[in-house]
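The values are calculated or read from the model by the stated rules, or taken from the named source; none is laboratory data. Computed from a predicted structure; not experimentally measured. Cβ: placed from backbone, ideal geometry, glycine included. Neighbour counts: every protein chain shown. Ligands, DNA and RNA are excluded from the accessible area calculation, which covers all protein heavy atoms including side chains. Shrake-Rupley method; radii C 1.70, N 1.55, O 1.52, S 1.80 Å.
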Amino acid sequence: MPTEKRLICTLTGEPYQPARVYYDITNSNAVIRVFKKLSCMAFDREGQRWVWLYEFEAQKLRFANSHNQIPKEKRPVIIGYFIFRGEHQMILDLRSLDRVCKAIEFFDKRINRRIAKATHLRIVNRLFSADEHLGAQGVHPSLNEFFDREDIPCPSKEVMARVENMARSNNNKDEAHKMAAINRFINELEHESLPEIEEIPINFYEEGIESLRFSLSIRNIEVLEHWKGNKNYNPIAFIRDKLLESGLEGFFESK
């Protein structure tokens, strides 16, 4: 029997899956002043970055492994780190998808939106095994190798454009035509797979966090199934159920 692969997880208990949140900023000094007031933030001079610790204000966040479950010798746990890129951009690197939504909500409560707003994120749509030798700490020392590229696709934008076109084309049709249009669309998606690295818009300020949380949970489920060996898994059936629950009329009329 082959040796079973061991999944790399973070100290807070989530599967290791690199992600990067991009912020547009208007005043980096104002952001830094906020960081300095937070006990859970510390400046790493060697890395020239602000690290976000699972301590103090952030200690209330709920992960699979709570703060008290993490051995004292492993604390403080770094749950993310910020790097400023020029005057108008800031990135937040994270090592799990669960941390993405928590981070966006956490810092939105503490940094004025006129100063910093999350615009999009990039994620790696795969999981990693312990035998991949990612670095001394078992993870990639930098996420730049994943995200500092010009060829990263944004499938969600493409899908939404197709949805809007389908909705316009079928808005005045009867229920049978609408159902047929949805089935054709779903069948197309069933033959598409997630790119290994993907860009996702963040519409948090217009839609709230739930839409993003749902999108990330779908991707998390899919990569976990692929990890288990179910390479043909596609969450389209689940999405179809959610789509139909929303009601056909509401779906088409809202586009």
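Descriptive notes on the structure:
- Whichever residue in region 64-98 is within 17 Å of residue 23 (Cα to Cα) and of a type in the set (Gly, Ala, Ser) and, among such residues, is most open to solvent (accessible area, probe 1.4 Å): 86
- Subset of region 14-33 (residues that are out of contact with any strand residue (DSSP E or B) (no Cβ under 6 Å at 6 or more places or on another chain) and open to solvent by 30 Å² or more (accessible area, probe 1.4 Å)): 26, 27, 29, 32, 33
- Considering residues of region 21-78 that are of a type in the set (Gly, Ala, Ser) and in contact (Cβ under 8 Å) with a residue 12 or more places away in the chain only, the residue nearest to residue 148 (Cα to Cα): 47
- Yes/no for residue 106 being part of a helix (DSSP H, G or I), surrounded by 15 or more Cβ atoms within 10 Å (Cβ to Cβ) and without any contact (Cβ under 8 Å) to a residue 60 or more places away in the chain: yes
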